[in-house]
């Protein structure tokens, strides 16, 4: 099954393409930061709930089902091989030989790994389902030459602040080891964060050159047409009397060439057609001054969603800072001990 | 009036070509003119159009002599993008010009390139969709539209660029009659309303002639005629180059002036000239439809692309029909009526969810397609989809090999089949060097080399000039006379009527009519309901029917004879 855009008007569909790209990025970071299976599980369910309102559940599940097996394997590895020395031992998988110990921590981490991977993948899926590829490309394309200084400075400051907090919470020891006065330490950390934010912002604002953006857009539009064409060609060859799926290997290669040549020619023809079509419609008029009908615009929902995601990230980091990042694990161990 | 386009002794030779594609062309077009350019395939019409918007010499490489000026710009020194802001170009195949994922994006593409501000782009999109009657199509995907809608979308996209000159290269060629009517309406409205220059390349003279003021006829790269419509029509036919519509030719023969273009004009003039008396209605013997062995038996089939149990949106609904050996049957109906879906069942490319199909005493559900293909030849609409070799001879051998024909027979079969399609001279030609009409005939030849008992052809004449279309129908007729059962999907009811005897009309997946074509031509409501355009000659015959002309006549010769009789009768009194 292809993962492709599905039309709709759900909450997820209404979000700006950039928000959804950010959603994927933040979901990845969150999945790295948060190691607690229960919190991660809740987050996963939350994402799934949002997703199920955007596309039909059948469709959503169909594409996720394949991944369950893969991620369960990952979990198994985690369960079998995450065995720190002081962990709570349960049993051996191969009892006679005392091979492969299974521990409480291993199981808990395993479950967490399952949800962490799944959340990242789900966020990609949701992004692709609910955003037209054109919008995604547009989000990466340089759209305007005029710069809005105020909002750019604002973004840099905000992101810088965020980085500073993250850094202070995540690496308190490393920072306190810096050979500087305590006030200076924070200033240095803040400055570094600000610089990083600036670089990111510059890279982000630069974006792809418009030629490349348009080319990508055209590419997305062509995929569907080419696959239709491939179907037509396959049918034409069947009707000419080729057994399209012969058992004999040599024949199969022959059939493949019979399909590949016309498909190859059709693709060439299509690219020729496209170049003529876009030239005739003024593609090389003045590409740097190109404008866009589609508009990416943040609404209140976007700000709300982004704030929520950032809050989650900060909460996760705070938990780690307080030493209770693995809350469930600690609780269970205490129950067992108590 | 200012000059819009000026060709000064222009000759262009494509790279690698021996002969120039356009030769010694001098042409001046003034603002607001509406011009038809016509001529056989390969006469340089498309190249001429490409000269106007700068694709020649900037995209197509070759040698350009002379100068082309568009307004004050020399195309040699202007960029295609710059010229595109003056010249809006629409090409033949709408699908190949649609490059984005939604109709609104498509229309916005040109203005975006010109750097038009967003608010204005949105205004222009709305206007363009309104002008082309595509309101509400904004978010539709272009490749899911019908042919006529697609072409309208392309025209909308050009309209939104607000060009001064519209150049349309066979915009009607790939459309069914309904789509043609839709696009023609749009084209005329746009040209007339905005008062812009319009250059229209077309073979469909009957439809286009009433709309234009000036006609240019091209042959072998040269302009052979150029003048006002009446003048060009009075100058007569040029064999193999310019054939006037039958009604015009009849008008000339019977001395009507000015020459009529439509059947109504003909009739009005004819009446005032010959006060023909009403003679008794003579009914022509209906040719019996041959009763041979039933080679195709379709019993109550229904089909839906929805594979779930409830089969939503059936494309075929309970269709039954049988076709006897030696018949030639035309399958008619508007786009999307299920014609192609139906014929795909005959060779097992699709299987019905209800009913069964038996072909040559084989149950299609039990027999694999490659087995059926031994006796059933199948030609697709686009020959490029079935040609797999780079060379004509290899192409035919490929099919023979797949069916296990003995190598000794190859040469004789290749020659026989190429001779049948009049392509024997091309036996060693490269497929790349062939035009679309020739490719179509090669595809046909490679099917014929297997000596099929049944031949199924899906719209073999789309986008071809009248002469090639006629040639293909003649080939099919010869095959039929040699005993092959022929099924043909077509929109060209005039050819169908001239060559086939039986017609099956599909509408929304059901059979609306199954019987002889002359009888079909008399059922006006049914024809209209299926968007079947009555040939202009038949319209004339039907106008003349009170005078005793059979209303189902289609060909020029038949009509000529009938009217001659009337004239003799009128003069006799």
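Laboratory data are not the source of any read-out in this text; all were calculated from the coordinates shown. Not measured: the values here are computed from a predicted model. All Cβ positions, glycine included, derive from the backbone under ideal geometry; neighbour counts span all protein chains shown.
Which residues in the range B:172-215 have a backbone N closer than 15 Å to a point placed 7 Å from the Cα of residue B:524 along the Cα-to-Cβ line?
Under 15 Å, as judged by backbone N against the label point of residue B:524, lies no residue of the range B:172-215.
What 222 nm value per residue comes from the helices of chain B, counting each DSSP H run with n ≥ 4 as -39,500 (n - 2.57) and dividing by all residues, nearest 500 deg cm²/dmol?
Values: 22 runs with 213 residues, N = 573.
Rounded to the nearest 500, it is -11000 deg cm²/dmol.
Can you tell me, using C-alpha contacts under 8 Å and at least 6 residues apart, the relative contact order of the range B:121-196 as a whole percent?
It rounds to 35 percent for the range B:121-196.
Quick one: compute the contact order of chain B, relative version, from alpha carbon pairs under 8 angstrom and 6+ residues apart, as a percent.
So the answer I get is 13 percent.
Work out the FRET efficiency for residue B:213 and residue A:295 from their Cβ-Cβ distance, taking R0 = 51 Å, and round it to the nearest 0.05.
0.75
For a quick check: sort A:195, B:544, B:64 by the number of other beta carbons within 10 angstrom, fewest at the front. Mind dumping the intermediate values first?
Working: A:195 13, B:544 23, B:64 20.
Placing the least packed residue first, the sequence is A:195, B:64, B:544.
log10 I(q)/I(0), Debye, Cα-only chain B, no solvent, q = 0.10, 0.13 Å⁻¹?
-0.98, -1.47
Considering only C-alpha atoms, what is the centroid distance from the range A:204-263 to the range B:161-205, in Å?
33 Å
In a GNM of chain A with a 10 Å cut-off on Cα contacts, which of A:27, A:221, A:236 has the highest mean-square fluctuation?
A:236
Within 10 Å of each Cβ in B:77-84, how many Cβ atoms from other chains are there, averaged over the peptide?
Average per residue, whole number: 5.
Would you mind telling me the antiparallel percentage of the DSSP bridges in chain B, rounded to 5? All intermediate terms of the calculation are to be shown ahead of the outcome.
Numbers: 44 of 78 bridges.
Expressed as a percentage, antiparallel bridges in chain B total about 55.
Roughly how crowded by other chains is peptide B:92-100, in terms of the mean Cβ count from those chains within 10 Å of each of its Cβ atoms?
Mean inter-chain Cβ contacts per residue within 10 Å come to 5.
Relative contact order of the range B:186-264: what whole-number percent is it, with Cα pairs under 8 angstrom and at least 6 residues apart?
Working: 63 pairs, mean separation 16.7, N = 79.
Across the range B:186-264, relative contact order equals 21 percent.
Taking the Cα centroid of the range A:23-74 and of the range B:47-109, what is the distance between the two, rounded to the nearest whole Å?
A separation of 49 Å, based on Cα centres.
Assuming 0.36 nm per residue, please report the length gained on full extension of the stretch residue A:230 to residue A:59 beyond their Cα-Cα distance.
59.1 nm
Cut-off is 10 Å between beta-carbons; in what order do A:30, A:166 appear when sorted fewest neighbours first?
Exposure proxy ranking, most exposed first: A:166, A:30.
What's the ranking of B:311-320, B:450-459, A:281-290 by average number of surrounding C-beta atoms within 10 Å, highest first?
Numbers: B:311-320: 16.2, B:450-459: 20.6, A:281-290: 18.8.
Those peptides, ordered most packed to least, come out B:450-459, A:281-290, B:311-320.
Using the C-alpha atoms of the range A:219-302, what convex hull volume per residue, in cubic angstrom, is computed?
174 Å³
Can you tell me the length gained on complete extension of the stretch residue A:205 to residue A:158, counting 0.36 nm per residue apart and subtracting the Cα distance?
So the extension gain works out to 15.4 nm.
Of B:58, B:353, B:385, how do they rank once you tally other Cβ atoms within 10 Å and put the fewest first?
In order of increasing Cβ crowding within 10 Å: B:353, B:58, B:385.
Need the full-extension length gain, residue B:391 to residue B:406, defined as separation in residues times 0.36 nm minus the C-alpha distance. One decimal, nm.
Once the chain is fully extended between residue B:391 and residue B:406, it gains 3.4 nm.
Using 7 Å Cα-to-Cβ label points, what is the residue B:63/residue B:79 separation (nm, one decimal)?
Inter-label distance under the simple model: 2.9 nm.
Rounded to the nearest 5, what is the percent of antiparallel bridges among the DSSP beta bridges in the protein assembly as shown? Walk me through the numbers on the way to the answer.
On the way: 48 of 83 bridges.
Roughly 60 percent of the beta bridges in the protein assembly as shown run antiparallel, per DSSP.
Let a ≥ b ≥ c be the square roots of the eigenvalues of the Cα gyration tensor of the range A:1-115; is it rounded (a/c under 1.5), or, if not, prolate (a/b larger than b/c) or oblate? Walk me through the intermediate numbers first.
Numbers: a/c = 3.51, a/b = 2.24, b/c = 1.56.
Taking the square roots of the gyration eigenvalues as a ≥ b ≥ c, the range A:1-115 is prolate.
For a quick size check, give me the Cα extents of the range A:198-264 along its three principal axes, largest first, whole Å.
For the range A:198-264, the Cα spread along each principal axis is 62, 22, 14 Å.
Using only Cα atoms, locate the centre of the range B:461-480 and the centre of the range B:514-571, then give the distance between them in Å, rounded to an integer.
Between the Cα centres of the range B:461-480 and the range B:514-571 lies a distance of 22 Å.
What's the percent breakdown of Cα-Cα distances in the protein assembly as shown across 10 Å bins, shortest bin first?
The percentages, shortest bin first, are 2, 10, 16, 19, 18, 14, 9, 6, 4, 2, 1, 0, 0.
Taking R0 as 60 Å, what FRET efficiency do you get between residue A:85 and residue A:254 from their Cβ-Cβ distance, rounded to the nearest 0.05?
Once rounded, the FRET efficiency stands at 0.45.
Per-residue mean of other chain beta-carbon atoms within 10 angstrom of the beta-carbon, peptide A:223-236?
Working: counts 1, 4, 7, 0, 0, 2, 4, 1, 0, 6, 6, 2, 9, 13.
Other-chain Cβ atoms within 10 Å of each residue's Cβ, averaged: 4.
Which value in nm describes the separation of the simple spin-label points at residue A:223 and residue A:315, placed 7 Å from the Cα toward the beta carbon?
Spacing of the two 7 Å Cα→Cβ label points: 3.4 nm.
At 7 Å along Cα-to-Cβ for each site, give me the label-to-label distance between residue A:177 and residue B:268 in nm.
10.0 nm
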